[in-house]
Amino acid sequence: MTLSRLAELSADPSASFVLIARDGADSVELLTGEVVDVDLLADIPLTADGVPREVFALVPYRQVRERGFVAQDDGAPLRCIVVDEHLHLPTPAVLDALPTSSVPLRDGGFDIADEEYAAIVETVISDEIGRGEGANFVIRRDYTASIDTDDRTAALTWFRALLAHERGAYWTFAVVTPGRIAVGASPEAHVVAREGVVTMNPISGTFRHPAGGSTKETLADFLASTKETEELFMVVDEELKMMSAVCADGGRITGPHLKEMSRLTHTEYMLRGRSGMDPRDILRETMFAPTVTGSPMQNACAVIRRHEKKPRGYYSGVAALFTPNADGGHDLDAPILIRTVYLADGELSVPVGATLVRHSDPHGEVSETHGKAAGVLGAIGAIDRDRAAEARSDADAPGARRSLADDPEIAALLSSRNARLAEFWLNPQGEEFTGPFTGRSALVVDAEDRFTTMLAHQLRHLGLDVTISAWDAVTDDAVAAADLVVAGPGPGDPRDTGSARIARMRAVVERRLGTEAPLLAVCLSHQILADRQGAALVPLAAPHQGLQKSVPVFGEDASIGFYNTFTARVTPGATRIGDAEVSADPGSGDVFALRGPRFASVQGHLESILSRDGIRTLERLVSYALA
């Protein structure tokens, strides 16, 4: 009966349905129901006449506008299926029932030529990362082709190929609705909320298996890559910003782990925290994964808007399943929409992106997009499947696949990464804090870098009652009233006199200094404060985006994470400037920290996972400013 229902839906050109195979499950879920397009996440119809309903939603990238971020608007709908039927079908039976004939492609190729894409990459590295707009950005292009097979038949054929041949995917899925069809195998759960526990799964670093399959030696070389390691740390920092916004306990890191798929292996962490928020609000606050956008998130959206040739559609959005739970609310399961094929009117599109960092080689990133597109097309059987790159079988267990993650040397290489990280984020944290500054208030002024949510969490851990306010919303009265003002980090050139954001942050710093009221300035705001004290502001020869350094901070060496393209600089050997005592690099004069009457500042991000001594240094600087 259940398989006949799948056959019935497959044959009906007007039917809408979703097929989902979750990692580790031995069944395929079939969801059907009415299609409803809505404008906002808050409009997703989770109840009908007060009764909780299960809803599946395709969330397009354009929804980032709900967070006040920019995006090209292609009108891609926030498409919901209000589920009235949810069946579990045995996977072997589904494989037998789905079509197997090949679906040839015509006129395949990228919409942006290789040299043009390489030029875009070079521009982003030099003009965006190089002038302090962020640490990393994902710029995508699309592989496009035509097919002569019916769209629905092609989608079901490709879903079967993924079901039969792909492994390690978080969700393997097919979404079939009029005019919108998507088939994919997403490796990454963006955000999950179950029974009050929120989980995020940042994945970064892509190891393409060589011919003959991955080996311990080739995987070890990949794990030793500085670029791949720093990419993962940067996206963990970015997702911790989101976790700190939605979870009372800020979020805890576990991992790293290997995500092993048929032709690719990734590195990943798991982040967990507790939240009582509506799952739609959780989804809004976590739009979208930095692994497919960049960081800081708000500026990443602006960079994408400047450099991508056309709107993103659903690429980097999420598929979200809202399921009623025993508490009368809804659980949320939302994988990222990557490794996905989109079909409409016989036209196929496979969007793929490369993460651009200061180390990126433009032609290497071109190769990365080719590899990702080939991986998707090979997985669905649209091109020859690269069986030589699939993992080898374990000689001691015929037919079984060997997990290299179980190898002691590989496990040791992975765990050694955590020696670089802050224990603060690796250890469990409670929701109630009693620290040395209990009873005092702090206002954190956000300059468009949500590192402020992590910073606010650490300040609460130290006992402060913390409020976050955006630079363009904070009032002079609020700035005057707080026991401590924390002027936050942000992208851009601190010398830019035409920037309203930087002008406002300068005014905040000036007001607190002028009244000798306690002030802590971080990164961009540290540069603004240093400029007021008479330091020079200069671009670094190479950006310090995601860089960990051990630096002197007033008598103690501290391991701190840096995300700066500009620096305040004094004469090498100087120990004072203006009203401030200086901690600086003895060779270059680059200023790491300042302290003076009722103020302190730091260039690095004490809240970052890269700041092993972050919480200790933060307490020292806050204590000095409040003294």
Revision key, fill the gap. Placing +1 on each Lys and Arg Cβ and -1 on each Asp and Glu Cβ in the chain, then taking the dipole about the Cα centre, the residue among Leu529, Met234, Val192 whose Cα reaches farthest towards the positive end is Leu529
Review point. Over all distinct alpha-carbon pairs, what is the Kirkwood Rh of the range 146-216 in angstrom?
Key: 15.0 Å
Check your understanding: To the nearest 10 degrees, how steeply does helix 614-626 sit against the main Cα axis of the chain, on a 0 to 90 scale?
Key -> 40 degrees
Practice item. Inverting the mean 1/r over all pairs of different Cα atoms, compute the Kirkwood radius of the range 2-420 and quote it in Å. Key: 21.9 Å
Study note, to complete from the structure: Longest principal axis of the chain (C-alpha) makes with the long axis of helix 151-165 (C-alpha) an angle, in degrees to the nearest 10, of 70 degrees
Point to revise | Residue (of Leu606, Pro296, Leu223) at the positive-pole extreme of the chain, dipole from beta-carbon charges | key: Leu606
Review point. Any idea what diffusion coefficient the range 1-131 gets from Stokes-Einstein, in µm²/s, Kirkwood Rh on alpha carbon pairs, 4 °C, 1.567 mPa s?
Key: 69 µm²/s
Practice item. Quote the relative contact order of the range 320-385 in percent (integer), defining contacts as alpha-carbon pairs under 8 Å separated by 6+ residues. Key: 20 percent
**Study point:** log₁₀ of I(q)/I(0) at q = 0.09 Å⁻¹ - the range 432-626, Debye sum with one point per alpha carbon
**Key:** -0.27
Study note, to complete from the structure: Helix 2-11: inclination vs the chain longest Cα principal axis, degrees, rounded to 10, gives 90 degrees
Check your understanding: At 25 °C and 0.890 mPa s, what whole-number value in µm²/s does Stokes-Einstein give for the translational diffusion of the range 92-190, with Rh from the Kirkwood sum over Cα pairs?
Key -> 148 µm²/s
Review point. Roughly how big is the range 1-135's charge dipole about its Cα centre, with Cβ charges of +1 (Lys, Arg) and -1 (Asp, Glu), in debye to the nearest 20?
Key: 340 debye
Check your understanding: Given the alpha-carbon gyration tensor of the range 170-296, what are the semi-axes of its equivalent ellipsoid in whole angstrom, ordered largest first, with each equal to the square root of 5 times an eigenvalue?
Key -> 27, 21, 12
Check your understanding: In deg cm²/dmol, rounded to 500, what helix-only [θ] at 222 nm does the chain give when every DSSP H run of at least 4 residues adds -39500 (n - 2.57) and the total is split over its residues?
Key -> -8500 deg cm²/dmol
Study note, to complete from the structure: Applied in sequence order to the range 37-45, the curve 6.51 cos²θ - 1.76 cosθ + 1.60 (Karplus, θ = phi - 60°) yields integer Hz couplings, x standing for Gly and Pro, of 9, 10, 8, 10, 4, 5, 8, 4, x
Point to revise | Amide H within-cut-off set for Trp471, under 5 Å, with H built and near neighbours excluded | key: Asp446, Glu448
Study note, to complete from the structure: Quick P(r) readout (the range 8-77; Cα-Cα; 5 Å bins; whole %) gives 3, 12, 18, 18, 18, 17, 11, 3, 0
Point to revise | Protection-proxy order for peptides 234-245, 46-57, each taking the mean of Cβ atoms within 10 Å per residue, highest first | key: 234-245, 46-57
Review point. Where the centre of each part is set by its Cα atoms, how far does the range 569-598 sit from the range 213-266, in angstrom?
Key: 36 Å
Study note, to complete from the structure: Sorting Ala405, Leu484, Ile112 by the position of each Cα along the dipole of the chain (Lys, Arg +1; Asp, Glu -1; all at Cβ), the one nearest the positive end of that ordering is Leu484
Review point. When the dipole is taken about the Cα centre of the chain, and only Lys, Arg (+1) and Asp, Glu (-1) are charged at their Cβ, what size is it in debye, to the nearest 20?
Key: 1140 debye
Check your understanding: How much net charge surrounds Gly514 when only other residues with a Cβ under 13 Å from its Cβ are counted (Lys, Arg +1; Asp, Glu -1)?
Key -> +1
Exercise for review: Find how much the distance from Ala411 to Asp37 grows on full extension, using 0.36 nm per residue of separation minus their present alpha carbon separation; answer in nm with one decimal.
Suggested key: 130.1 nm
Point to revise | Sparse-neighbourhood loop sites, GluC sites (Glu not before Pro) in the range 516-622 - DSSP loop, at most 16 other Cβ within 10 angstrom | key: Glu516
Review point. Check Arg440: other-chain or 5+ apart residues with amide H under 5 Å from its amide H, H built from backbone geometry?
Key: Asp465
Review point. Please state the relative contact order of the chain as a whole percent: Cα pairs under 8 Å, 6+ residues apart?
Key: 14 percent
Practice item. Starting from the range 61-109, pick out the trypsin sites (Lys or Arg not before Pro) whose DSSP state is loop and whose Cβ has at most 10 other Cβ atoms within 10 Å. Key: none
Review point. Taking 0.36 nm per residue of separation and subtracting the Cα-Cα distance, what length does fully extending Thr497 through Ala93 add?
Key: 138.9 nm
Check your understanding: Which lysines have a Cα lying under 27 Å from the Cα of Lys309, excluding residues fewer than 8 positions away in the same chain?
Key -> Lys227, Lys372
Exercise for review: Return the sequence-ordered ³J(HN,Hα) values of the range 572-578 in whole Hz as given by the Karplus equation 6.51 cos²θ - 1.76 cosθ + 1.60 applied to θ = phi - 60°, using x for Gly and Pro.
Suggested key: x, x, 5, 10, 9, 8, x
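A short reminder: the numbers here are calculations on the coordinates, not readings from a lab. Remember, predicted model here, so these are calculated numbers, not experimental data. Note that we place each Cβ from the backbone using ideal geometry, even for glycine, and neighbour counts take in every protein chain shown.
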